[in-house]
Ligand SMILES: NC(=O)c1ccc[n+]([C@@H]2O[C@H](COP(=O)([O-])OP(=O)(O)OC[C@H]3O[C@@H](n4cnc5c(N)ncnc54)[C@H](OP(=O)(O)O)[C@@H]3O)[C@@H](O)[C@H]2O)c1
């Protein structure tokens, strides 16, 4: 949808699904053609986006192998799956691996991306042109994409968990649910805007609202004392580790074939 909102034509985009009811729903939602045989839609395309679960990547690559041509750019969104998995099945093709996040739905995403062994700077530019329809894009070495997955790919869930916890705490303090939700949602949105729009560090912005002996200082003391930073660090490490494991499943599927 982000591509369409960014001005791409419906006729520029063909989609594939593996279940007929899903294909019909996707067609109704997007007004783009959606087929059940992915190989049918590769001819004449510049970019082939692979957006399936890591465990489904290998099967999909086998389905499209015969239709892959020189000049195709394979843009993979599959969490943890190395570009080498694509190159082993499809040969010396251009692959860009990317990790967007769900705020892409409202065109406020952030994407980290990395080139495979045969992707040129022009391929990276093309991938960036596609991905930037839904938010900024940053280029990295491929080995850093598991960390990107753990930070910004998983990141919206951290913010949503904070929103849930803060809302429940607000209700326990006596606020009606609708007021609590309004306060929390707008506070998270506003804090995000402040960070991005001013370019100032979170430490600076936090210090400004933390008067000695004040309310914020009392709250920060509890969070620091109870290990908030260590908890976040452990959560991010667990997500990065899981990203590596998921990629490993795709490599294993490739090795088994
Ligand atoms: N969601 C996120 O925040 C996010 C962010 C960054 C990256 N990613 C990555 O993007 C990928 C997709 O995530 P998602 O949440 O969109 O997954 P999803 O909801 O499961 O969507 C994938 C779709 O692909 C279909 N599919 C699977 N194999 C296929 C095949 N061979 N041919 C045609 N269609 C096929 C699935 O069909 P069924 O409906 O039959 O299952 C499903 O509808 C994952 O690798 C994920 O790690 C997701």
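The numbers here are math on the coordinates, done by the rules we state, and not lab data. Remember, predicted model here, so these are calculated numbers, not experimental data. Heads up, the Cβs are rebuilt from the backbone with ideal geometry, glycines too, and the neighbour counts pull from every protein chain shown.
Would you calculate the convex hull of the Cα atoms in the chain and tell me its volume per residue in Å³? Present the calculation step by step, with values, prior to reporting the outcome.
Numbers: hull volume 41.4 nm³, N = 257.
So the per-residue Cα hull volume is 161 Å³.
Where q = 0.12, 0.13, 0.21 Å⁻¹, what log10 of I(q)/I(0) comes from the Debye formula for the range 155-226, counting one point per Cα? Reported log10 I(q)/I(0), two decimals: -0.38, -0.45, -1.16.
Relative to the longest principal axis of the chain, what angle (0 to 90°, nearest 10) does the C-alpha long axis of helix 228-256 take? Approximately 10 degrees, to the nearest ten. Okay, helix-only estimate at 222 nm for the chain: each DSSP H run of n ≥ 4 adds -39500 (n - 2.57), divide by all residues, round to 500 deg cm²/dmol; what do you get? Estimated from H runs of four or more residues: -16500 deg cm²/dmol. Per-residue packing, averaged as other Cβ atoms within 10 Å, sorts the ranges 10-21, 237-248 into the order 237-248, 10-21, beginning with the highest. When peptides 174-184, 105-115 are ranked by their average number of other Cβ atoms within 10 Å per residue, the highest-first order is 105-115, 174-184. Provide the percentage of antiparallel DSSP beta bridges, counting only those with both residues in the chain; round to the nearest 5. About 20 percent, rounded to the nearest 5. Each listed q (0.10, 0.15, 0.20 Å⁻¹) maps to a log10 I(q)/I(0) for the range 37-142 from the Debye sum over equal C-alpha point scatterers, namely -0.25, -0.57, -1.02.
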